[in-house]
Amino acid sequence: MAHWDLLNDDEQQRLGQRAIDLFVNVRWEAANGFSLSDEMTMLIAAEASLIALERPADSFRNVHAVVVHPTTMVMRGQHSQVAGVASDDPIAIIGQADPTGPVLIAWDAATHQARHPEEGNNVVFHEFAHKLDMLIGIANGTPPMRDVDQEQRWVGACTGAYERVVEGRSKALRSYAGVNPAEFFAVATEVFFDTPMLLTSHEPDLYAVLADWYGQDPAARVPRT
Ligand SMILES: [Zn+2]
């Protein structure tokens with residue numbers, strides 16, 4: 001997990017404990033005859049724990065099970081991959097989170113992305129961000145806020161950045177962020193933790209509200225020697 005070397009001793013210690021808590025408290029399953037080692041489970045648990053490291057300890061109380069697939073899954077049923085366009089065609093996915101079912105993760109994507117944050121994609125950050133969003137009902141791109149001020153700043157920053165994605169003008173967020181506000185938050189979370197310098201230079205207002213909400217400043221982190 002490339003992010004590990006960016007954390008100080010205190011953060012590493014707390015991240016380790018959070019990951020163990022998830023390891024113990026969540027039901028981890030391997031799909032389709034796949035087998036899941038403790039190391040694999042701990043990698044996913046540690047990545048999930050990173051994004052919520054400065055959030056309340058029970059932030060993943062709505063995560064009851066994680067099903068790890070060896071590789072890409074096929075999803076059927078209506079979905080949208082492009083803003084405003086719904087489809088019934090089967091689609092390849094590397095992860096999924098819904099309000100009641102387990103979180104689904106494709107292992108090959110998760111392990112590759114854990115080593116390559118520079119690519120700006122992270123299915124574990126993405127799906128667990130959806131679960132944070134779902135802490136107050138359905139995912140709508142606005143996770144639980146401290147107060148009205150924080151929510152107003154959040155909505156203001158996200159609205160501008162979301163419009164730039166929808167209009168194809170975003171220099172920091174991939175087009176999938178324009179499908180709906182929930183996907184926007186999940187994709188923004190990936191970029192915030194994986195390529196924070198890119199996000200802070202192109203979308204400073206969005207970076208600021210994410211830093212405030214997550215309680216972390218990834219752009220300020222430097223690799224330890
Ligand atoms: Zn998503």
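Summary of computed values
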| read-out | value |
| --- | --- |
| Considering only the stretch 2-220, percent of DSSP beta bridges that pair antiparallel, nearest 5 | 50 |
| Loop sites in the stretch 161-215: GluC sites (Glu not before Pro), DSSP, at most 16 other Cβ within 10 Å | GLU167 |
| Candidates per GluC sites (Glu not before Pro) in the stretch 1-108, loop by DSSP, up to 16 other Cβ within 10 Å | GLU54 |
| For the stretch 21-65 versus the stretch 108-138, the gap between their alpha-carbon centres in whole angstrom | 12 |
| Loop trypsin sites (Lys or Arg not before Pro), the stretch 54-128 (other Cβ atoms within 10 Å of the site Cβ: 16 or fewer; DSSP) | ARG61, ARG76 |
| The chain: calculated mean residue ellipticity at 222 nm from DSSP helix runs of at least 4, using -39500 (n - 2.57) | -14500 deg cm²/dmol |
| Under-5 Å amide H pairs with GLU203, H placed in peptide plane, nonlocal only | none |
| Rel. contact order, % - alpha carbon contacts under 8 angstrom, at least six apart, the chain | 19 |
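A short reminder: the numbers here are calculations on the coordinates, not readings from a lab. Note that the coordinates shown come from a computational prediction; the quantities given were computed from them, not determined experimentally. Cβ coordinates were reconstructed from backbone atoms using ideal geometry, including for glycine residues, and neighbour counts include every protein chain displayed.
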